[in-house]
1. Can you tell me which of (1) on the phi < 0 side of the Ramachandran plot; (2) charged (D, E, K, R); (3) loosely packed, with under 12 Cβ neighbours inside 10 Å is the one residue 67 doesn't meet?
2. Kindly indicate whether any position in the range 25-39 is under 15 Å from residue 80 (Cβ atoms) and at pLDDT 95 or above.
3. Which is in a helix (DSSP H, G or I) and touching a Gly at 6+ places or on another chain (Cβ under 6 Å), of 79, 35?
4. I need the full set of residues from the range 1-11 which are in a loop (DSSP other than H, G, I, E, B) and within 20 Å of residue 81 (Cα to Cα), in order please.
5. What pairs come out if I take residues in the range 32-52 that are free of Cβ contacts under 8 Å to residues at least 12 places away in the same chain and pair them with residues that are in a helix (DSSP H, G or I) whose C-beta lies under 6 Å away, six or more apart or interchain?
6. Select, from 14, 59, 51, the only residue that is at pLDDT 95 or above and part of a helix (DSSP H, G or I).
Amino acid sequence: MPVDMTLGYVMPQTGGLAVIVQALIQPIFMAVTEVNDSGIDLRIIPGDSGTDGQVASVTVDRLLNDEVDGIVGPAATSVTLSVIDR
């Protein structure tokens, strides 16, 4: 019986760090492929941090409402600190 898992990510698709988003999410999708190839059904729900704590907070709320098993990101320390206790 396959294990099902859903992860969300909170990465800067907009805002000041948006220029590096591909470098941040490409390894996530590489890992998803590897995990799925091992027999685990891993799904990813993308989310934008906007390189901003308020935008990230809305995204984290949405991911938590979607009942993800975990969240990867955000990329910026200041954004991470705004959502870390959620």
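The values are calculated or read from the model by the stated rules, or taken from the named source; none is laboratory data. On a predicted model such as this, the values are computed, not experimentally measured, just so you know. FYI the Cβ positions are ideal-geometry reconstructions off the backbone, even for glycines, and counts take in every protein chain you see.
1. In the conditions (1) on the phi < 0 side of the Ramachandran plot; (2) charged (D, E, K, R); (3) loosely packed, with under 12 Cβ neighbours inside 10 Å, residue 67 misses (1) alone.
2. No, every residue in the range 25-39 fails to be under 15 Å from residue 80 (Cβ atoms) and at pLDDT 95 or above.
3. 79
4. So the first thing to find is which residues in the range 1-11 are in a loop (DSSP other than H, G, I, E, B), and the list is 1-3, 10.
Correct list: 10 only.
5. If the second residue must be in a helix (DSSP H, G or I), no pairs are left.
6. Values: 14 fails: part of a helix (DSSP H, G or I); 51 fails: part of a helix (DSSP H, G or I).
So the residue among 14, 59, 51 that is at pLDDT 95 or above and part of a helix (DSSP H, G or I) is 59.
Yes or no, residue by residue, for (1) touching a residue at least 40 places away in the same chain (Cβ under 8 Å); (2) touching a strand residue (DSSP E or B) at 6+ places or on another chain (Cβ under 9 Å); (3) surrounded by 19 or more Cβ atoms within 10 Å (Cβ to Cβ):
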| site | (1), (2), (3) |
| --- | --- |
| 7 | yes, yes, no |
| 23 | no, no, no |
| 26 | no, no, no |
| 59 | yes, yes, yes |
| 82 | no, no, yes |
